[in-house]
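K.L.:
This structure is in structure tokens; I'll ask about it shortly.
The values are calculated or read from the model by the stated rules, or taken from the named source; none is laboratory data. Keep in mind that what you see is a predicted model, and the values were worked out from it rather than measured. Don't worry about glycine lacking a Cβ; one is built from the backbone with ideal geometry, like all the others, and counts go over all protein chains shown.
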Amino acid sequence: MKKTLFDKVWDTHVVDSIPDGPQILYIDKHLIHEVTSPQAFNELKKRNIPVFRPQQIVATADHNTPTENQHLPVKDELSRNQLQQLQQNCDEHNIELYALGHQYNGIVHVMAPELGITQPGMTLVCGDSHTSTHGAFGAIAFGIGTSQVAQVFASQSLLLTKPKKMRITVNGSLQKNVLPKDVILYIISQLGTDSGTEHFIEFAGDVFENMSMEGRMTVCNMSIEMGARGGMIAPDETTFNYIKGRKFAPKGTDFDTKVAYWKTLQSDAGAEFDKEYFFDAADISPMITFGTNPGMGISLNEHIPSKNDANLEKSLQYMNFEKGASLIGQKVNYVFIGSCTNSRIEDFRVAANYVKGKQKAPNINAWLVPGSQLVVKQIEEEGLDKIFEAAGFKLRQPGCSACLAMNDDKIPDGEYCVSTSNRNFEGRQGQGSRTLLASPLVAAATAIAGKIVDVNVPILEEV
Amino acid sequence: MSTFNTFKSTAYPLPVENIDTDQIIPARFLKATNREGFGENLFRDWRFRKDGSVNSEFVLNQEKYSGSILVAGHNFGCGSSREHAAWALKDFGFNVIVSSFFADIFKGNALNNHVLPIQVSPEFLTKLLQSIQKNPNTQIEVNLEAQTIAFEDEKASFEINSYKKMCLQKGYDDIDFLVSNLSKIEAFEQQHIY
């Protein structure tokens, strides 16, 4: 039988199948963080069950960490307690932890790929819905709840029903200033936030084949915003070259053996998908969202839809936008460049390249939050920090930060924020905050102009 | 865990689509390290105004409504994987969520906490919401064994996989099952590539 990439990886991880029920799926890597793991450790303790395979777990602190003065004790008592519990639990169970300040600390979905933990053909889970990011490597990677975190602790396995399969093909060449973030925002705007539910997506076609690993991660990261558990891209030379030489990558002949196997991880010609969609790269422009879910996106030069729809109206009321309006010229006081979607070196290169020689608008509060300590190091090595400083920006320390605003990085009530993160839900970036999702380029341009501008139109001095 | 079979209850109507887990439980309340007490902050920013006063317009604050069933719009539970959303609903007193569509991760989290997500047709959902809004005392009967949900003269069947149904009925959970299969899992590891 002809198999899809997803079938190939899934089927090699099935331990057992329950008649008329779920399958036991083996999990290769389990990533954990401070917010969704403590209750799972407590559950094990309550039942007196050991952690089954601690060497297959890697922990980091990211969701609830400050992005300034990380060398000082964390001020918020509850946050400090979560971090302490993570430390204690990892010590007790012999789990590798990249705690605050560690050279490998960072957002879980930035840290694992850059250390070579994420590899093609693996199953990988984390108590975080954006685990879909790792599918960029041709891995089956998905977010789980805390009960499932406990299940993986106890058995390195999960009970799951095999999802359906969807393929999204985008062929052609991307236009100037169109970034991977625009590609995924465009797809979600076309298909809707529930279109991927019960499915695993394979992204295929020229656009993804020609995309860097970091771009592929941005795309797969937001599969969950279509409701899909995960997205995948078939591994290729770009993937192998990215992994080679990283800390946990296979070495020597082991690497060659793995590559030979990884090359088999492609959907067979004629393999069937439950749903298929096709898009043309030429139709994609720089995007921005106007509403309160990631599917409410338009091209920068389009207008907000005018249809009669209660959900649209509720959203626009929250955002204080009018139907049919353009967002160009909209004043914005906050810009956030960060999150597991867009906080890697390429994202900061894009932003630095745009702001070089320009000045941040006086009204703008810009939070630039690299995804990991290794990204910080790379930014410094490339001198991007100097470019940002010269343009009036200051870099913060790694963490999830204003993407979910669990720490102090909260957008104030009623303020707009052009954000490179993944969710524009009501209050997501702080109570009453209004989020507009966009690429790092659009975010950088907003920070310079102090308002939303079309990145395809050169900035003219205002008269 | 408690067992689950048939019961009757009134319900709260919440006809909003795409209710995400950030609305169900905002991130700033995820700092606890136990599972209890999240009900207090369920739908926090809809139940309370920014000044902390009660928003009497929100359905959970309207005295005419009651019960352990929440009836909500399409694509309930989308967004973050935070199980805190399921804990908050359960802690508040909901055993059943009815919608025309559920997000995957939420659905799994709900079942793992013995909160039953019942997916019905959009037509059935509309009728149910209208009945509750017209008469807040509308009794809804859920029968897990027969996999049916009924109110007034309306009745619909719903899907649930037989394993999860057994877990709900008998109070089992996946950890028990997986741990009882550790020898199979160890045998699998012997031939596995990673």
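K.L.:
Looking only at the range A:221-261, which residues are polar (S, T, N, Q) and either surrounded by fewer than 20 Cβ atoms within 10 Å (Cβ to Cβ) or modelled with pLDDT under 95 (or both)?
P.N.:
A:Thr238, A:Asn241, A:Thr253, A:Thr257
K.L.:
If you don't mind, another one. Go through the range B:17-53 and give me each residue that's touching a Lys or Arg at 6+ places or on another chain (Cβ under 7 Å) and either within 24 Å of B:Thr138 (Cα to Cα) or free of Cβ contacts under 8 Å to residues at least 60 places away in the same chain (or both).
P.N.:
Matches in the range B:17-53: B:Asp22, B:Pro26, B:Phe29, B:Leu30.
K.L.:
Go through (1) within 14 Å of chain B (Cβ to nearest Cβ); (2) touching a Gly at 6+ places or on another chain (Cβ under 7 Å) one by one and return the number of the condition A:Cys220 breaks.
P.N.:
For A:Cys220, the exception is condition (1).
K.L.:
Which of the residues spanning the range A:229-265 are in contact with a strand residue (DSSP E or B) (Cβ under 8 Å, 6 or more places away or on another chain) and away from chain B (no Cβ under 14 Å)?
P.N.:
Within the range A:229-265, A:Met232, A:Ile233, A:Ala234 meet the criteria.
K.L.:
Right, next: Suppose the filter is buried (at least 23 other Cβ atoms within 10 Å of the Cβ), at the interface with chain B (Cβ under 9 Å from one of its Cβ atoms), charged (D, E, K, R) and touching a residue at least 12 places away in the same chain (Cβ under 8 Å); does A:Asp128 pass it?
P.N.:
Against the criterion (buried (at least 23 other Cβ atoms within 10 Å of the Cβ), at the interface with chain B (Cβ under 9 Å from one of its Cβ atoms), charged (D, E, K, R) and touching a residue at least 12 places away in the same chain (Cβ under 8 Å)), A:Asp128 qualifies.
K.L.:
Applying the selection to the range A:414-451, what residues are under 21 Å from A:Leu312 (Cα atoms), over 20 Å from the mean Cα position of the chain (by Cα) and either within 13 Å of chain B (Cβ to nearest Cβ) or surrounded by fewer than 23 Cβ atoms within 10 Å (Cβ to Cβ) (or both)?
P.N.:
Within the range A:414-451, A:Gly414, A:Glu415, A:Gln431, A:Gly432, A:Ser433 meet the criteria.
K.L.:
Only one residue in A:Glu96, A:Glu114, A:Glu77 is more than 13 Å from chain B (Cβ to nearest Cβ) and more than 12 Å from A:Leu31 (Cα to Cα), so which one is that? Even if it seems obvious, please write down each step before you answer.
P.N.:
Working: A:Glu96 fails: more than 12 Å from A:Leu31 (Cα to Cα); A:Glu77 fails: more than 13 Å from chain B (Cβ to nearest Cβ).
Unique residue meeting the criteria: A:Glu114.
K.L.:
Okay, next question. Kindly check whether there is at least one residue in the range A:139-157 that is out of contact with any Phe, Trp or Tyr (no Cβ under 9 Å at 6 or more places or on another chain), more than 9 Å from chain B (Cβ to nearest Cβ) and assigned to a helix (DSSP H, G or I).
P.N.:
no
K.L.:
Let me ask something additional. Determine if the range A:142-151 includes at least one residue that is over 30 Å from B:Tyr172 (Cβ atoms), in the same structural domain as A:Thr257 (by TED's automatic domain parsing), more than 16 Å from the chain's Cα centre (by Cα) and among the hydrophobic types (A, V, I, L, M, F, W, C).
P.N.:
No, because not a single residue in the range A:142-151 is over 30 Å from B:Tyr172 (Cβ atoms), in the same structural domain as A:Thr257 (by TED's automatic domain parsing), more than 16 Å from the chain's Cα centre (by Cα) and among the hydrophobic types (A, V, I, L, M, F, W, C).
K.L.:
Just for helices (runs of 4 or more DSSP H) wholly inside the range A:1-102: which have at least 2 residues that are farther than 21 Å from A:Asp128 by Cα and modelled with pLDDT under 95?
P.N.:
Correct list: empty, since no element meets the threshold.
Residue-wise test of (1) within 14 Å of another protein chain (Cβ to nearest Cβ); (2) part of a helix (DSSP H, G or I); (3) out of contact with any Gly (no Cβ under 9 Å at 6 or more places or on another chain); (4) not basic (Lys, Arg).
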{"site": "B:Phe7", "(1), (2), (3), (4)": "no, no, yes, yes"}
{"site": "B:Glu17", "(1), (2), (3), (4)": "yes, no, no, yes"}
{"site": "B:Gln23", "(1), (2), (3), (4)": "yes, yes, no, yes"}
{"site": "B:Arg28", "(1), (2), (3), (4)": "yes, yes, no, no"}
{"site": "B:Asn34", "(1), (2), (3), (4)": "yes, no, yes, yes"}
{"site": "B:Asp45", "(1), (2), (3), (4)": "yes, yes, no, yes"}
{"site": "B:Asp51", "(1), (2), (3), (4)": "yes, no, yes, yes"}
{"site": "B:Leu60", "(1), (2), (3), (4)": "no, yes, yes, yes"}
{"site": "B:Tyr65", "(1), (2), (3), (4)": "no, no, yes, yes"}
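K.L.:
As an exercise: evaluate B:Ala85 against (1) in a helix (DSSP H, G or I); (2) without any contact (Cβ under 8 Å) to a residue 60 or more places away in the chain and give the number of the one condition it does not meet.
P.N.:
For B:Ala85, the failing item is (2).
Each row is one residue, and each column tells you yes or no for (1) more than 20 Å from A:Asp91 (Cβ to Cβ); (2) away from chain B (no Cβ under 12 Å).
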residue: A:Thr4; (1), (2): yes, yes
residue: A:Trp10; (1), (2): yes, yes
residue: A:Asp20; (1), (2): yes, no
residue: A:Glu43; (1), (2): no, no
residue: A:Phe52; (1), (2): no, no
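K.L.:
Any idea which of A:Lys45, A:Lys29, A:Lys8 is of a type in the set (D, E, K, R) and within 17 Å of A:Ile144 (Cα to Cα)?
P.N.:
Of A:Lys45, A:Lys29, A:Lys8, the one residue that is of a type in the set (D, E, K, R) and within 17 Å of A:Ile144 (Cα to Cα) is A:Lys29.
K.L.:
Among the listed residues A:Leu179, A:Leu185, which satisfies the condition of being away from chain B (no Cβ under 14 Å), buried (at least 24 other Cβ atoms within 10 Å of the Cβ) and within 21 Å of A:Glu114 (Cβ to Cβ)? Give the derivation first.
P.N.:
Working: A:Leu185 fails: within 21 Å of A:Glu114 (Cβ to Cβ).
One residue alone meets the criteria, A:Leu179.
K.L.:
What about B:Ala156, is it buried (at least 18 other Cβ atoms within 10 Å of the Cβ), within 14 Å of chain A (Cβ to nearest Cβ) and in contact with a strand residue (DSSP E or B) (Cβ under 9 Å, 6 or more places away or on another chain)?
P.N.:
No: the conditions fail for B:Ala156.
K.L.:
Follow-up question, since we're still on this one. Take the conditions farther than 18 Å from A:Leu436 by Cα and either among the aromatic types (Phe, Trp, Tyr) or in contact with a helix residue (DSSP H, G or I) (Cβ under 8 Å, 6 or more places away or on another chain) (or both) and apply them to A:Val335. Does it pass? Full working, then the answer.
P.N.:
Details: farther than 18 Å from A:Leu436 by Cα: no; either among the aromatic types (Phe, Trp, Tyr) or in contact with a helix residue (DSSP H, G or I) (Cβ under 8 Å, 6 or more places away or on another chain) (or both): yes.
Considered against the rule, which asks whether it is farther than 18 Å from A:Leu436 by Cα and either among the aromatic types (Phe, Trp, Tyr) or in contact with a helix residue (DSSP H, G or I) (Cβ under 8 Å, 6 or more places away or on another chain) (or both), A:Val335 comes out as no.
K.L.:
Evaluate the following for A:Asp309: is it without any contact (Cβ under 8 Å) to a residue 12 or more places away in the chain, in the same structural domain as A:Ser195 (by TED's automatic domain parsing), out of contact with any Leu (no Cβ under 9 Å at 6 or more places or on another chain) and surrounded by fewer than 19 Cβ atoms within 10 Å (Cβ to Cβ)? Explain how you work it out, then say what you get.
P.N.:
On the way: without any contact (Cβ under 8 Å) to a residue 12 or more places away in the chain: yes; in the same structural domain as A:Ser195 (by TED's automatic domain parsing): no; out of contact with any Leu (no Cβ under 9 Å at 6 or more places or on another chain): yes; surrounded by fewer than 19 Cβ atoms within 10 Å (Cβ to Cβ): yes.
Here the answer is no, as A:Asp309 does not meet what is asked.
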